[in-house]
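Participant: Dropping the structure in here first, questions after.
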Amino acid sequence: MAEDPRAVETMKFKTVEIDLNRPPVAHLYLNLPSRRNALSLDSFAEISAAISALDRHPDVLAVVVSGRGTQFCSGIDLSALETIVSSAGSTATDPGRSRERLRRQILSLQAALSAFEGCRKPVLAAVDGSCIGAGVDLVSACDLRYCTRAASFVVKEVDLAIAADLGTLQRLPRIVGYGNAAEMALTARSVSAAEAKEMGLVSRVFDSREEMEVGVRAIAEEICKKSPMAVMGTKAVLLKSRDVSVEQGLDYAATWNSGMLISDDLQEAIKAFIQKRKPTFAKL
Ligand SMILES: CC/C=C\C=C\CC(=O)SCCNC(=O)CCNC(=O)[C@H](O)C(C)(C)COP(=O)(O)OP(=O)(O)OC[C@H]1O[C@@H](n2cnc3c(N)ncnc32)[C@H](O)[C@@H]1OP(=O)(O)O
């Protein structure tokens, strides 16, 4: 049976909250403020389910992600981390099989955060307060990042004797450059909002959370006025091109557009220009 594209409207979540009141922008909140939005195993599953459902929702064209409470995200829930690691260390089973289970568990956590990248619609992270460990994995998988003056970013894993494994080491160097990413990951030092802006980790720093909420929503709404086909294509081609040679990226862009340029949106954009009016596009 085909999945209901509006299923997200009735989905119940324990660790995230979705605000669909002002389409076409949806707002996904990390919503465990008492634990500073630490990511439990439930959080990973719910983030993945929420983003896939928002991807399918016909009225949603962009998603903003932020945190409820004082901090954006305090990283992986440390008790969940302990559970994951201790169950893998269990001697009750074949060590080979328990390591294989651990590998699959890590892959599944990776997939949950990669859902932001896999979403056809742009995802904008809006960070206030601390963004730590898995929080940095999360924002690195978003398309655009913004923060308040009170925000800070820490690639904390090395302090917990872990090599970060949920995307930071792969995506952050492509956002801030190898040197900046390596320094953040090897020292686990806290990077201020101003520094995050300077190294390109965020596109803009807002004075307050209220200003950020309004400002990031306005940016998302601007993007939503554009052809959804073109926005989706731009995200897909940018991401593909990030990971392959220029030649392969160009080839991908040609193939993509040979499939997509026949959409009504191009005709509408040209007509609107000639008729000196704003274009109107169908949803995705
Ligand atoms: C397979 C491996 C996959 C992924 C690995 C990911 C690695 C990481 O994510 S590394 C990063 C781990 N996180 C941390 O080290 C941060 C820990 N937290 C803090 O440093 C602070 O809580 C803070 C975020 C700076 C916020 O400070 P503050 O506002 O003063 O709040 P607290 O009083 O410290 O915390 C309130 C409450 O929340 C609990 N809590 C905070 N963070 C976590 C967490 N990551 N996991 C579980 N619980 C957390 C904290 O214990 C407090 O609980 P109480 O019961 O109220 O005492």
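Participant: Given the criteria without any contact (Cβ under 8 Å) to a residue 40 or more places away in the chain, among the aliphatic types (A, V, I, L, M) and closer than 25 Å to D128 by Cβ, does V155 qualify? Outline the logic, then answer.
Facilitator: Working: without any contact (Cβ under 8 Å) to a residue 40 or more places away in the chain: yes; among the aliphatic types (A, V, I, L, M): yes; closer than 25 Å to D128 by Cβ: yes.
Yes; evaluated as a whole, the condition is true for this residue.
Participant: If I filter the stretch 205-240 down to residues being of a type outside the set (A, V, I, L, M, F, W, C) and farther than 23 Å from T148 by Cβ, which single residue comes out as nearest to the chain's Cα centre (by Cα)?
Facilitator: Looking only at the stretch 205-240, we keep the residues that are of a type outside the set (A, V, I, L, M, F, W, C), and these are 207-211, 213, 215, 217, 221-222, 225-228, 233-235, 240.
Keeping just the survivors that are farther than 23 Å from T148 by Cβ gives 225-228, 233-235, 240.
Working: K225: 21, K226: 20, S227: 21, P228: 18, G233: 17, T234: 16, K235: 12, K240: 16 Å.
Restricting to residues being of a type outside the set (A, V, I, L, M, F, W, C) and farther than 23 Å from T148 by Cβ, the top hit is K235.
Participant: Of the residues that make up the stretch 224-231, is at least one modelled with pLDDT of 95 or more, open to solvent by 30 Å² or more (accessible area, probe 1.4 Å) and either under 30 Å from V158 (Cα atoms) or acidic (D, E) (or both)?
Facilitator: no
Participant: Do you know which residues across the stretch 147-175 are more than 13 Å from the ligand (Cβ to nearest atom), open to solvent by 10 Å² or more (accessible area, probe 1.4 Å) and under 25 Å from K235 (Cα atoms)?
Facilitator: Going residue by residue through the stretch 147-175, those that are more than 13 Å from the ligand (Cβ to nearest atom) are 147-149, 170-175.
Those left that are additionally open to solvent by 10 Å² or more (accessible area, probe 1.4 Å): 149, 170-171, 173-175.
Hits for the stretch 147-175 are Q170, R171, P173, R174, I175.
Participant: Exactly one of (1) of a type outside the set (A, V, I, L, M); (2) surrounded by fewer than 20 Cβ atoms within 10 Å (Cβ to Cβ); (3) touching a residue at least 24 places away in the same chain (Cβ under 8 Å) is unmet by E195. Its number?
Facilitator: Failed condition: (3).
Participant: Within the stretch 19-40, is there a residue that is under 28 Å from K156 (Cα atoms), in a loop (DSSP other than H, G, I, E, B), aliphatic (A, V, I, L, M) and modelled with pLDDT of 95 or more? Break it down into steps so the answer makes sense when it comes.
Facilitator: Looking only at the stretch 19-40, we keep the residues that are under 28 Å from K156 (Cα atoms), and these are 27-40.
If we keep only those that are in a loop (DSSP other than H, G, I, E, B) too, we end up with 31-32, 36-38, 40.
Within this subset, residues satisfying the condition of being aliphatic (A, V, I, L, M) are 32, 38.
Then keep just the ones that are modelled with pLDDT of 95 or more; that gives 32, 38.
Yes, that holds for at least one residue.
Participant: Oh, and also: Filter the stretch 33-81 down to residues that are within 8 Å of the ligand (Cβ to nearest atom) and charged (D, E, K, R), then give me how many there are.
Facilitator: The total comes to 3.
Participant: Looking at the stretch 232-251 only, could you name the residues that are open to solvent by less than 70 Å² (accessible area, probe 1.4 Å) and either assigned to a helix (DSSP H, G or I) or closer than 28 Å to A282 by Cβ (or both)?
Facilitator: Here is the first cut: in the stretch 232-251, the residues open to solvent by less than 70 Å² (accessible area, probe 1.4 Å) are 232-233, 235-237, 239, 241, 244-245, 249.
Once the filter is applied, which keeps residues that are open to solvent by less than 70 Å² (accessible area, probe 1.4 Å) and either assigned to a helix (DSSP H, G or I) or closer than 28 Å to A282 by Cβ (or both), the stretch 232-251 yields M232, G233, K235, A236, V237, L239, S241, G249.
Participant: Shifting gears a bit: List every residue pair whose Cβ atoms sit under 6 Å apart, with the two residues 6 or more apart in sequence or on different chains, where the first one lies in the stretch 99-118 and is within 13 Å of A49 (Cβ to Cβ) and the second, anywhere, is within 11 Å of the ligand (Cβ to nearest atom) and basic (K, R).
Facilitator: Within 6 Å, no pair qualifies.
Participant: In addition: Any residue in the stretch 179-192 that is in a loop (DSSP other than H, G, I, E, B) sitting within a Cβ distance under 8 Å of a residue that is of a type in the set (F, W, Y)? List the pairs, counting only those 6 or more apart or interchain.
Facilitator: Note: pairs meeting the criteria are S190/F153.
Participant: Let me ask you something else. Among strands (runs of 3 or more DSSP E) lying entirely in the stretch 71-162, which contain 1 or more residues that are small (G, A, S) and touching a strand residue (DSSP E or B) at 6+ places or on another chain (Cβ under 7 Å)? It would help to see each step written out before you state the result.
Facilitator: Working: elements: 123-127, 130-132, 144-148, 152-154.
It comes to 123-127, 130-132, 152-154.
The values are calculated or read from the model by the stated rules, or taken from the named source; none is laboratory data. Predicted, not measured: the structure shown is a model, and the values here were computed from it. Quick reminder, even Gly has a Cβ in these numbers, built from the backbone with ideal geometry, and neighbours come from all protein chains shown. Side chains are part of the model used for accessible areas, which takes the heavy atoms of the whole protein and leaves out ligands, DNA and RNA. Shrake-Rupley method; radii C 1.70, N 1.55, O 1.52, S 1.80 Å.
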